[in-house]
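Student: Before anything else, here's the structure in question.
Computed from the coordinates by the stated procedures, all read-outs in this text should not be read as laboratory data. Only a predicted model underlies this, so the values are computations on that prediction, with no experimental measurement involved. Here Cβ is always computed from backbone atoms with ideal geometry, including for glycine, and neighbour counts include all displayed protein chains.
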Amino acid sequence: MYKKRKISVAVVYNHPGEDIYEKIREVDADSLGFEPEYDINVATVTEEYEAIAKALQKQGYKVTLLNIKDDIQVLIDLIRNDPHDVIFNLIEFYRDDPNLEYLIAGLFALYGVRYTGARPFTLALCQRKGMTKQLLLANNVPTPRYKLLTEPKLPGRHGLHYPMIVKPSREDASSGVEKGSVVYNFDHLNERIKKTFEEYNSPVLVEEFIEGRELHVSVLGNDPPEVLPIIEFDFSELPSDYPSIISYDAKWNPLEESFHRVHSICPANLSKRIEKKVKSAVLKAYKITGCTDYARLDLRLTNDNKVFVLEVNPNPDLTEGVSFMESAEQYGLSFGETLEKIVGFALRRHYVVKTKSGKTDTQI
Ligand SMILES: Nc1ncnc2c1ncn2[C@@H]1O[C@H](COP(=O)(O)OP(=O)(O)O)[C@@H](O)[C@H]1O
Ligand SMILES: [Mg+2]
């Protein structure tokens, strides 16, 4: 009997080093010096990618999970010798550099393979926070007032008001965002600018710090993209000397108190009018930055309900139950169903090319 061929998906990621979350398993939670709210034994990096591969398998795909471990040849071999219907692109950096992320998508485009998520241009653009902010402002999407510094000195008349936040302009995932990133005076500001230049050796963004609520808004799909239920962060349990931000520690480090004191609420409690305003800014930003398939936008909402887009994250983290996936679940999609939708978007994508004979061919 004829059996339908399974669609094949290669889930690719890049994790060359040791897994810090494996080490955390050896830590005794009682030795932390504070009361942890969450289990400190979070999933290891490998387990997270395995969960994605397993969930896709459950949805009926033939799945290969591949860690390229900083070796591009491994990816080229996969494309040439073991082609799959879709590559699920979870590679976020190469040789520890997130600025090379877009070239990986470029490789898929050049080989003409279908892949999930954002195109190379969008990945490159959103990696540059200053450039993205300019584009947002040009399209009337509000983003905090800022200066992009190419040397460790703020121009005399910068016109920005305290407090401000200093962050590296070409990083993501809260890299370089710490308790001390929010500054309240000139000395601290200069000190922080110097430190950020030294650590990241790339332009530094100085932004007005927007007090108020933080919203993370996930978007799924293409025609048309849909805004998923909005997440708000509750900072009320952070120690009083800690600014209301999602620092690197609060996001990733279960050994730090801030990790246990920031909580997500989904759906956020917003009036219909404000929700509409947020969604409209988000969809506009998603479209003008050229996002495809899925993305997450980080926003702040002031006490008088002014909306500011902080950044656009194409190909955001897909860990089960958190962030993008928390919103998808609230929307009514399981982890597996959401992943299946993303594969579906990539499968439907095709490029139309003109051949020498003038005929139009449809090519993946
Ligand atoms: N202008 C700002 N006003 C208030 N908080 C900010 C501002 N910029 C960044 N933050 C805080 O820092 C976190 C990380 O900054 P973000 O711009 O999202 O960069 P990334 O997540 O790529 O590191 C945000 O989630 C937010 O909590
Ligand atoms: Mg962010």
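Student: Could you work out [θ]222 nm for the chain from helices alone, using -39500 (n - 2.57) per DSSP H run of at least four and dividing by all its residues? Round to the nearest 500 deg cm²/dmol. Please list the in-between numbers first.
Tutor: Details: 12 runs with 122 residues, N = 364.
Rounded to the nearest 500, it is -10000 deg cm²/dmol.
Student: Compare Asp70, Asp298, Asp187 in a GNM of the chain, Cα atoms joined below 10 Å, and give the one with the largest fluctuation.
Tutor: With Cα springs under 10 Å in the chain, the top fluctuation among Asp70, Asp298, Asp187 is at Asp187.
Student: Also, I was wondering about something else. Looking only at Glu237, Glu101, Glu178, which one moves most when the chain is put into a Gaussian network model with springs between Cα atoms under 10 Å?
Tutor: Of Glu237, Glu101, Glu178, the most mobile in the Gaussian network model is Glu237.
Student: Rounded to whole Hz and in sequence order, give me ³J(HN,Hα) for the range 229-246 from the Karplus expression 6.51 cos²θ - 1.76 cosθ + 1.60, θ = phi - 60°, writing x for Gly and Pro.
Tutor: Each residue's phi maps through the Karplus curve to give x, 7, 9, 10, 9, 9, 9, 5, 8, 5, x, 4, 8, 9, x, 6, 9, 9 Hz.
Student: What number comes out for the charge environment of Gly336, summing +1 per Lys or Arg and -1 per Asp or Glu over other residues with Cβ under 13 Å away?
Tutor: Details: positive: Lys54, Lys58, Lys341; negative: Glu320, Glu329, Glu337, Glu340.
With Lys, Arg at +1 and Asp, Glu at -1, the net is -1.
Student: Within the range 1-111, how many Lys pairs that are eight or more residues apart, or on different chains, come under 28 Å at the alpha-carbon?
Tutor: Total qualifying Lys-Lys pairs in the range 1-111 comes to 15.
Student: Subtracting the Cα-Cα distance from 0.36 nm times the residue separation, let me have the gained length for Asp82 to Glu237 in nm, one decimal.
Tutor: 50.8 nm
Student: Amide H neighbours of Ser8 under 5 Å, counting only residues 5+ apart in sequence or on other chains, H built in-plane at 1.01 Å?
Tutor: Lys62, Asp85, Val86
Student: Amide H to amide H, which residues 5 or more places from Tyr115 or on other chains are under 5 Å from it, using H placed in the peptide plane?
Tutor: Result for Tyr115 returns Ile87.
Student: HN-Hα J couplings of the range 294-301 from phi, Karplus 6.51/-1.76/1.60, θ = phi - 60°, integer Hz, Gly and Pro as x?
Tutor: Karplus values, whole Hz, x for Gly and Pro: 7, 6, 10, 10, 9, 9, 10, 10.
Student: Set the Förster distance to 41 Å, then compute FRET efficiency between Arg5 and Ser271 from the Cβ-Cβ distance, nearest 0.05.
Tutor: On the way: r = 50 Å, r/R0 = 1.21.
E(calc), rounded to 0.05, equals 0.25.
Student: Compute the length gained on full extension between Glu47 and Ser334: take 0.36 nm times their separation in residues and subtract their Cα-Cα distance, giving the result in nm to one decimal.
Tutor: Result for the pair: 101.5 nm of gain on full extension.
Student: Still on this structure, please answer the following. Using a 10 angstrom cutoff on alpha carbons, build the Gaussian network for the chain and name the most mobile of Lys194, Lys272, Lys147.
Tutor: In this elastic network of the chain, the residue with the biggest mean-square fluctuation among Lys194, Lys272, Lys147 is Lys272.
Student: Using amide H atoms built 1.01 Å from N in the peptide plane, name the residues 5+ places from Asn313, or on other chains, whose amide H lies under 5 Å from its own.
Tutor: Here the answer is Arg296, Leu297, Asp298, since their amide H atoms fall under 5 Å of that of Asn313.
Student: Karplus couplings for the range 115-125 from phi (6.51 cos²θ - 1.76 cosθ + 1.60, θ = phi - 60°), rounded to Hz, Gly and Pro as x?
Tutor: Once rounded to whole Hz, the list reads 9, 7, x, 7, 6, x, 4, 5, 4, 5, 4.
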